[in-house]
Every structure is written in structure tokens, then in C-alpha cells.
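Read-outs: derived from the displayed coordinates by stated rules, not from any lab. Keep in mind the model is a prediction, meaning the values are calculated, not measured. Cβ atoms come from the backbone with ideal geometry, glycine included; neighbour counts cover every protein chain shown.
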Amino acid sequence: MTDRLAPLRPQAPGTWRVWALAYALRRGQRGQHFLGHDERSGEPHPTAYYVWLAVSDTDVVLVDAGIAPSRAAAVPGLQYLGSPIELLGRFGVRPEDVGWSVLTHLHYDHTGVVAELPAATYVVQEAEWEYWTGPWPRRLTRERWLCAPEDLEHLAAAGEVGRRRDVAGDVELLPGLSVHLVGGHTAGMQLVRVATGAGSVVLASDAAHFYENLTSDRPPPILHTMPAVYGAFDRITELAGDAGLIVPGHDPGVLDRFPADGPDRTGSVVRIA
């Protein structure tokens, strides 16, 4: 039987091809994106919202699940470019093709379309799941808005039928694709490292929102534990190594650093490796 996704797959077993799919953009201010007020806090500072597609010779993995269209309509100033499901469709990837959905953390802008992935096994760090299903988020009003109860309900139901895998620490999920617990931004924030023909790609997600977080050693304002934020910065660079590629979670510069890809080559989808 012909493999519909053959054009996306790498030729070498154990390696992957990786894309960043920008599903939304927003114009914010620096003070919203970097911890600590300074003279530049009022300057415009755009942000982008991504999911990441990783394809091997045998597997399709979606890293994070974006914002659902219904939630996006209520986010002030959000330019919604399309549901992550629609963006996947431009590649010919159907929801049922996604075998794994790695959720780097459980904020609403990373879990939005989990219910639209009928065949996926969701991968979450135990520390992240225990935190968001425990007592603290209900008491911490500054965090309550960051989580979507309906997404947690879906993930809980998935766990009951064996479609949620809770991992602890660093785990090689599939040949050439591993997850790494760092915490910091959230209690169970995890990175994803992918082996590609161009070397290691580290999908930092919100462990580093922007390249500037790493170059200036400056945390974002939304965080769980400050020391772990700095530890995550170090772990990102360690996992990438000298020759690896780092992809932060919300930097619009990703769309400029890497070539546009996909059938329409609009610039909202870029090929990382």
C-alpha cells in the first residue's frame, strides 16, 4: 500500500524531519515577555504561537496542540492563522495520522486541539499532570486562566483508556526522539530533542520563549520556579550541543531563520531540518 506521507519522511531510519507551524501571531510589549520592568518594557514586541511536526520513517509526532479556534476568538489581539489541524492538512497529514502528541506543558495555548487527535497517545511529564490536577491551580488565581479544564478532562479520559503516557524525567520516546524534564516555566515543563539529518534539534517550547531569553539570560514573567528556569536555559544549550539547532516557543524570528515550506509556502510554516 502506498504511504501518503512518504514525501515527508526522511530516508535514514532513526532520523526525523521537523517543521514549525505558526498558527497565530500577536503584537505585545516587552514587559509582557521578559521578567522585570525596565526602560524598554513598553516597546512593541511581537510573539508567535507554534506547534511542531516531526516525521520519521515510521512515526508522526505533533509537539504541542495549539489553541482551539473557539478559545482563539476570545484572546485579545490574536491574529489566528488557522487551527493546527488545518495547518497539518496542508501537508496532507490527517488527525488520525498523528500517533503521538507530546505536550511540553499544559497551558491552554499548547493543548487546544488534543480532542481532535483520535489516534494519538499523549505524552506528559508526571510532575506536570500532578500539578494541574492537584489543589494549587484552583487556589492560585494568577495561574488558573492558563489551563483549559476541557482539555484536562479529555486527557484524563484518554488516560483511562491507555492513551496518555505519563513519563518521569528524560525518556527516549521513539528512536531519535526524546523528552527531557526541566521544569521552570511550569512544574513539569519538558523539552523535545529530535535527531535529524542536520543534527540535533531542540524544541524548547516555553522553556525559552525567545532566543533573547537565552542570549540575555533573562526569564519570561510567567514561571513556576526561578532556579529551574535558569537550569532549563542551560539544559537547552547542552542538549543542542555545538552543532545543534534550538527552536524557542514563541519567537517570530523562527519564521525568518528557517525556510518557508509546505505546499503554499506562505511563511507561516518553516522547515527546521
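Summary of computed values
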| read-out | value |
| --- | --- |
| Centre separation in Å (Cα based) which lies between the stretch 1-36 and the stretch 101-160 | 20 Å |
| Ranked by how many other beta carbons lie within 10 Å on average, peptides 149-162, 83-96, 190-203 from highest | 190-203, 83-96, 149-162 |
| Per-residue Cβ neighbour rank within 10 angstrom, fewest leading, Phe233, Phe258 | Phe258, Phe233 |
| Measure of compaction for the stretch 50-113 (Cα Rg per 2.2 N^0.38 Å) | 1.12 |
| Environment charge of Arg235, counting only residues whose C-beta is closer than 14 Å and scoring Lys/Arg +1, Asp/Glu -1 | -4 |
| The chain, helix-only ellipticity at 222 nm - DSSP H runs n ≥ 4, -39,500 (n - 2.57), divided by all residues, nearest 500 | -6000 deg cm²/dmol |
| Cα-centre dipole for the stretch 69-193 with unit charges at Cβ (Lys and Arg positive, Asp and Glu negative), debye to 20 | 280 debye |
| Cα-based shape type of the stretch 6-271, given that a ≥ b ≥ c are square roots of the gyration tensor eigenvalues and the cut on a/c is 1.5 | rounded |
